[in-house]
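Please treat every number below as a calculation from the coordinates, not as lab data. This one's a predicted model, so the numbers in the text were calculated from it and none came from an experiment. Backbone-built Cβ (ideal geometry, glycine too); neighbour counts: all protein chains shown.
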Amino acid sequence: MGARFQAAKITDTVYWVGAVDYTTRDFHGYLTPRGTSYNAYLVMADKITLIDTVKAPFRDELFARISSVVNPKDISYIISNHAEMDHSGCLPEAIDLIRPDKVFASVKGVKALNAHFRGGLELTPVKTGDTVSLGNRDIAFIETPMLHWPDSMFSYLPDERVLFSNDAFGMHLASSKRFANEIDHTVLKFEGEKYYANIILPYSNLVLKLLDKVTADGPAIDNILPDHGPIWRRADDIAQVFSQYRTWATQAPCCRAMIVYDTMWQSTDRMARVIAEGIAGTGVEVSLHSLKASHRSDIAKEILDCGALVIGSPTINNGMFPTMADVLSYLKGLRPRNLIGAAFGSYGWSGEATGLLEGYLTDMGIEKAGETVTTQYAPDDETFERCYNLGRSVAETLIRKCDE
Ligand code: FEO
C-alpha cells in the first residue's frame, strides 16, 4: 500500500507529503461533511526539512509520501508549527524514524509538545525574526499565538515566497486536488467560512493585526500552504482569501437575521415561525434553525452572515432545553460581535428558560432589540401578536444599525 502514496510537487523546492482524511465527520465538535486533510510539507533544500506531521492514524501515509521523494533518514530538520495533535500526532514516530539534527518549535510549542508527549522530546525553541539556514535556502519563523493555540507559528521560505500558515487560511475539505484554483469557488467560500467561524472567530482581533502585517510591511507571498485544505498559489486567490478573512474578522453589521431554538411540544416552534414572519415582513432576510435539524457548527458559520440572533427555548427541569445550552455555550466561546438579539420561549409552571437565554445575550454582548416573549403552555393570539411584533422590532433595529 505504502509505495502508492506519492508526494505532490508544490514549488521547485516544496513537496506536499500530508494525508487526506476523506471520512472524518467530526473535528472536536465541528461537523466536517467534506472531511479534511492534514498537510505536511517537505522542503528539499540542502538541509531537507519536514514541516509538520499528520494525525497519528495517518502516519503510514505521511511516511510513504516522504519516502516517495527522499530517504527519511536524509531529512535534517523537522519544524513543528503547531502542537495540536492533528499536526503533531506522529511527531515522536517521525523523530524516531528520521533522527533529525534538530526539531524546531515556538517557545510555547516546546512546552506544549513536551507536556503532551510527557517529555523526552529534544526541541529547539525559535521565535519571530529567527532564521535557520537550510544551506541553499533560509527559513524564517513568525509566531502567531492563538491562531489557533498559544504555540502556533508560521514558517516562511523567502526565496520562493512560500508561507506555511498552519491552521490559518485553511479549511476542512478533503480533496484529491491540492490547489485552490482547481476546486469549485463556492465550495471554498462555504468551507473557508465555516472553518473561520468554528476555529478562528474568537481571535478575530489578532487576525486583523496579522492581515495588516502581511498585507502592508510583511513578507512577500506567492504561495500560502496551510495545514488543512487546499494551497493558495495564485495572486487573485491569495487576495481573495485575505479579503474574506478581513470581512469575517471585522463582522460589520449585516442585515440578515437568524432564529435558533428548540421545542418540546411545538409551542416554542410555533412562536419561532411567527417571529420569523415578523422579521420577513420588513424585507429583512431570516433563517430558522430548529436544533432538531441544525448542528452547532452550521449555526456558527451562519452567524458570520447575520446581524441579529433570536434565541428560543422551552423550560425543562427548571432550565433551558439542553440543545440550546449546548449551542449557546459553543457560540459564547466563539465570541461573535456586532449582534443584536432577543429571546422567547414557553413553559409549563416555572419558566426559567427565557431568563437564562437573556443571560446569554448579555454575556455575549448582544444588544437586546425587543422585549422577551414568554408564554405558559401554548401560545394564544395575544402571544402570537407579541411574537410578530418582536420580529418586527428586531428587524427594524437591524435596518437602523445597518444604515448607520
Ligand atoms: Fe489543525 Fe489547531 O490544529
Sorted on mean Cβ neighbours within 10 Å (highest first), peptides 320-327, 69-76 come out as 320-327, 69-76
HN-Hα J couplings of the stretch 306-321 from phi, Karplus 6.51/-1.76/1.60, θ = phi - 60°, integer Hz, Gly and Pro as x? 10, x, 9, 10, 10, 10, x, 7, x, 8, 9, 6, 6, x, 7, 4
Hey, got the dipole for the chain? About the Cα centre, +1 on K and R Cβ, -1 on D and E Cβ, debye to the nearest 20? 620 debye
Work out, step by step, the length gained on full extension between Asp138 and Asp326: first 0.36 nm times the residue separation, then minus their alpha carbon distance; give nm to one decimal. 63.0 nm
Rounded to the nearest 5, what % of the DSSP beta bridges within the chain are antiparallel ones? 40 percent
How far is the Cα center of the stretch 120-193 from the Cα center of the stretch 220-257, in Å? 14 Å
Beyond 33 Å, what share of the Cα-Cα pairs of the chain is found? Please give it as a whole percent. 40 percent
Against the longest principal axis of the chain, how steep is helix 107-116, in degrees 0 to 90 to the nearest 10, with axes from Cα atoms? 80 degrees
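From the square roots a ≥ b ≥ c of the eigenvalues of the alpha-carbon gyration tensor of the stretch 79-180, which class results: rounded (a/c under 1.5), prolate (a/b over b/c), or oblate? Provide the component values of the computation, followed by the final result.
On the way: a/c = 1.38, a/b = 1.13, b/c = 1.22.
Because its axes are fairly even, with a/c under 1.5, the stretch 79-180 counts as rounded.
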Rounded if a/c under 1.5, otherwise prolate or oblate - the stretch 129-176, Cα gyration tensor axes: oblate
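Between Asp380 and Cys402, how high is the FRET efficiency from 1/(1 + (r/R0)^6) when r is the Cβ-Cβ distance and R₀ = 45 Å? Nearest 0.05.
0.85
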Check: in the stretch 146-298 the Lys pairs 8 or more apart or on separate chains whose Cα atoms fall under 28 Å apart number 8
Taking every DSSP bridge whose two residues both lie in the stretch 1-98, the antiparallel percent to the nearest 5 is 75 percent
Estimated [θ] at 222 nm from DSSP helical runs (n ≥ 4, -39500 (n - 2.57)) normalised by residues in the chain, nearest 500: -10500 deg cm²/dmol
Subtract the Cα-Cα distance of Asp217 and Ala239 from 0.36 nm times their separation in residues, and report this length gain in nm to one decimal. 6.4 nm
Spelling it out for Ile231: with amide H atoms placed in the peptide plane at 1.01 Å from N, the residues 5 or more places away or on another chain with amide H under 5 Å from its amide H are Phe179, Ala180
If you count, for each residue, the other Cβ atoms within 10 Å and average over each peptide, how do 127-140, 357-370 line up from highest to lowest? 357-370, 127-140
Show which aspartates and glutamates lie in cross-link reach of Lys102 when reach means a straight Cα distance below 13 angstrom and same-chain residues fewer than eight apart are skipped. Asp74, Glu122
Residue-wise HN-Hα coupling along the stretch 198-207, computed from phi with Karplus coefficients 6.51, -1.76, 1.60 (Hz; x: Gly, Pro): 8, 10, 9, 3, x, 10, 4, 4, 5, 4
Report, by chain and number, residues whose modeled amide H sits under 5 Å from the one on Thr375, excluding near sequence neighbours (fewer than 5 apart, same chain). Gly345, Ser346, Tyr347
By the gyration tensor of its Cα atoms, with a ≥ b ≥ c the square roots of the eigenvalues, what is the shape of the stretch 258-403: rounded for a/c under 1.5, prolate for a/b over b/c, or oblate? oblate
Which one, Thr383, Leu357, Tyr347, projects farthest toward the positive side of the charge dipole computed for the stretch 345-404 from Cβ point charges (K/R +1, D/E -1)? Leu357
Sequence-distant residues sharing a close amide H with Asp130 (under 5 Å, placed H): Phe141
